[in-house]
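These notes are about the structure you will find just below.
The values are calculated or read from the model by the stated rules, or taken from the named source; none is laboratory data. Nothing here was measured: the structure is a model prediction, and the numbers come from that model. Glycine also receives a Cβ, built like all others from the backbone with ideal geometry; neighbour counts cover every protein chain displayed. Protein only, heavy atoms only, side chains kept; ligands, DNA and RNA dropped before computing areas. Shrake-Rupley method; radii C 1.70, N 1.55, O 1.52, S 1.80 Å.
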Amino acid sequence: MKKTAVFKIISVLLPLVLIVLLEIVLRIIGYGETYNLFNKTKGENGIEYLTLNSHISKKYFKNTGFNSDNQSDLFLSQKTDSTFRIFVQGASTTVGFPFYRGASFPRLLKQRLEKTFPEKNIEVINTGITAVNSYTLWDITPEIIAQKPDLVLIYAGHNEYYGALGVGSSASVGNHPFLIRSYLKLKNFKFFQLFENTFQKITQRDQNNLKTVKETTLMEVLAKEQQIPLGSKAYLAGLRQYEQNLGRILSYYKKHNIPVILSTLVSNEKDTAPFISPALNIEYYKKLCEKDLSTAKTKAQHNAMASYVLGHYFFKKNQLDTAKHYFHQAKELDLLRFRAPEAINTIIRQFSKEENIPLVDIKALFESKSPSKTVGKSLLTEHVHPNVEGYFLMADAFYTKLEELRLIGDWKNKINYPQAFSNLPTTKIDSIRGTIILKELQQQWPFTLNTPKPDANNSILYRPTSFEERMAWNIHQGKQKWEDAMRQAYHFYTKKGDFKNALTVVETLLFEYPEQWRVHKMAEETCLRLSDTLTANYYANKKRKLKAMKPN
């Protein structure tokens, strides 16, 4: 071989060798972040479990001051033959905002499935991360596949524009899907983290004008390109990234023979006005609706607020179908895209049809359960997040679809809708805390666009009077840990003889500590006090199985 050829080979390989050596050194000294989706942990019985990495959001959000919400659902490190394992992918709705804990639809689904199949180990693992979009879902899919799921549920799309790395997001590295996916792959390497951190330090001056969640709301931090008109270049780019990423996600699962259930998205169209719309004199426009409806309709074709006002005009006249049309049009024309456009649902339905993937039509379900057949505040807390009843409806829809598909096993112990709804594992404390979170959120951007920047020491005026309100406020203010408040609540209710609420508290604790037989014993004893021997026996059997488990 000629010397010139050898020199060329060395010149090509040398940078690669240096990068490999640098990567090895950085790993040895513990530099940077390890972005595992799951972390190992030991249960009190010595069994090894996995749980979602609470710091995984650092991979997707930098320089925002944001530490994403997520649930911590334990599941066995070594899957057993009796285990049916479900992973749920999505964002804040999947996490259960603003109630979390026992109100999220994955946990509501888990509780119902556990009682339907008491002989099985039902695992429903919530991988939802607040404020992420399809790039994150795509990125974590291989790690989900590695845990051998029996089923995957996907509810995602509202964050496609402003979620991490979206086309309108401040947490972005460009608009080309291939480059963004490559960037996410490189983030797993320490040498790339070193390069990125060094680059950001050099360009720190350029970052000084960026807002963080300490200065304003997360929604404003992420909404770099606030106005994205219907049909614009950015609008179409968002649809393209969603379609490409979801297609890749579904291809991964299909390749590994993992069944998936998709879901359409629902948003508040009736009771959430457009966040940003071209200027409109609302009072004048209301008069126009009365005097010259034809002109008013023409105006509404291009103005989100006009369409919304026109929707209410027809709603008051009890012309509900026409009102629904204009409410929907107002959402589609909204320049601030914190509600997914209907085109996202179209993409979801197309994948379901073309790939023969089961679909849960949450949008249609919510419409059918809404008084005026247009979704509003009866089921949603604000623009996209359900209330507790709404979350239960979502869980029920997936539960019904699982039965329809005859997954898991024999459904002889099916829990019907009224029975499940009457035993919601959502505490009064968590419900009240969710209400407090909502009040604070709705006093800030974008619900009130001209609101001054929130002061960390200037929360909403709240005067708790009841025990539950005091506990909720203490948790919200960081004065008390959630688990301590739950234990205190259990003793409070038990002392009062309020065993119904005491059981709700215990069942919420079971989501956090499913491996602890003592919590199951608490549930058993509380059920006996309620004279519910059937459920008491269920928890007694769970307790015995946990006590019998031995570390590998």
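Determine if region 286-309 includes at least one residue that is basic (Lys, Arg), in contact (Cβ under 8 Å) with a residue 40 or more places away in the chain and surrounded by fewer than 16 Cβ atoms within 10 Å (Cβ to Cβ).
no
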**Prompt:** When you look at Lys331, is it at positive phi and either out of contact with any Cys (no Cβ under 9 Å at 6 or more places or on another chain) or in a helix (DSSP H, G or I) (or both), yes or no?
**Reply:** no
Here the qualifying pairs (Cβ atoms under 6 Å; residues six or more apart or on different chains; first in region 420-441 and more than 13 Å from Glu389 (Cα to Cα) and assigned to a helix (DSSP H, G or I); second open to solvent by less than 40 Å² (accessible area, probe 1.4 Å) and at pLDDT below 95) come out as Lys439/Ile460; Glu440/Ile460
Quiz item: Quick one: is Asp69 open to solvent by 10 Å² or more (accessible area, probe 1.4 Å), under 24 Å from Pro386 (Cβ atoms) and assigned to a loop (DSSP other than H, G, I, E, B)?
Solution: yes
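Given the condition of a type in the set (Phe, Trp, Tyr), modelled with pLDDT under 90 and part of a helix (DSSP H, G or I), answer yes or no: does some residue in region 130-145 qualify? Quick ask: steps written out before the conclusion?
The initial filter retains those residues of region 130-145 that are of a type in the set (Phe, Trp, Tyr), namely 135, 138.
Next, only the ones that are modelled with pLDDT under 90 stay: none.
No: region 130-145 contains no residue that is of a type in the set (Phe, Trp, Tyr), modelled with pLDDT under 90 and part of a helix (DSSP H, G or I).
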The number of residues in region 376-422 that are loosely packed, with under 13 Cβ neighbours inside 10 Å and touching a strand residue (DSSP E or B) at 6+ places or on another chain (Cβ under 9 Å) is 2
Q.
Given the criteria open to solvent by 30 Å² or more (accessible area, probe 1.4 Å), within 30 Å of Ala156 (Cβ to Cβ), out of contact with any Lys or Arg (no Cβ under 8 Å at 6 or more places or on another chain) and in a loop (DSSP other than H, G, I, E, B), does Ala279 qualify?
A. no
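Which count do you get for residues in region 448-478 that are at pLDDT 80 or above, of a type outside the set (D, E, K, R) and either surrounded by 18 or more Cβ atoms within 10 Å (Cβ to Cβ) or over 24 Å from the mean Cα position of the chain (by Cα) (or both)?
Initially, region 448-478 is screened for residues at pLDDT 80 or above, giving 448, 463-478.
If we keep only those that are of a type outside the set (D, E, K, R) as well, we get 448, 464-467, 471-478.
Checking the rest, the ones that are also either surrounded by 18 or more Cβ atoms within 10 Å (Cβ to Cβ) or over 24 Å from the mean Cα position of the chain (by Cα) (or both) come to 464-467, 471-476.
The total comes to 10.
Among Ser267, Ser232, which is under 17 Å from Arg339 (Cα atoms), in contact with a strand residue (DSSP E or B) (Cβ under 8 Å, 6 or more places away or on another chain) and modelled with pLDDT of 95 or more?
Step by step, each of Ser267, Ser232 is checked, and only Ser267 is under 17 Å from Arg339 (Cα atoms), in contact with a strand residue (DSSP E or B) (Cβ under 8 Å, 6 or more places away or on another chain) and modelled with pLDDT of 95 or more.
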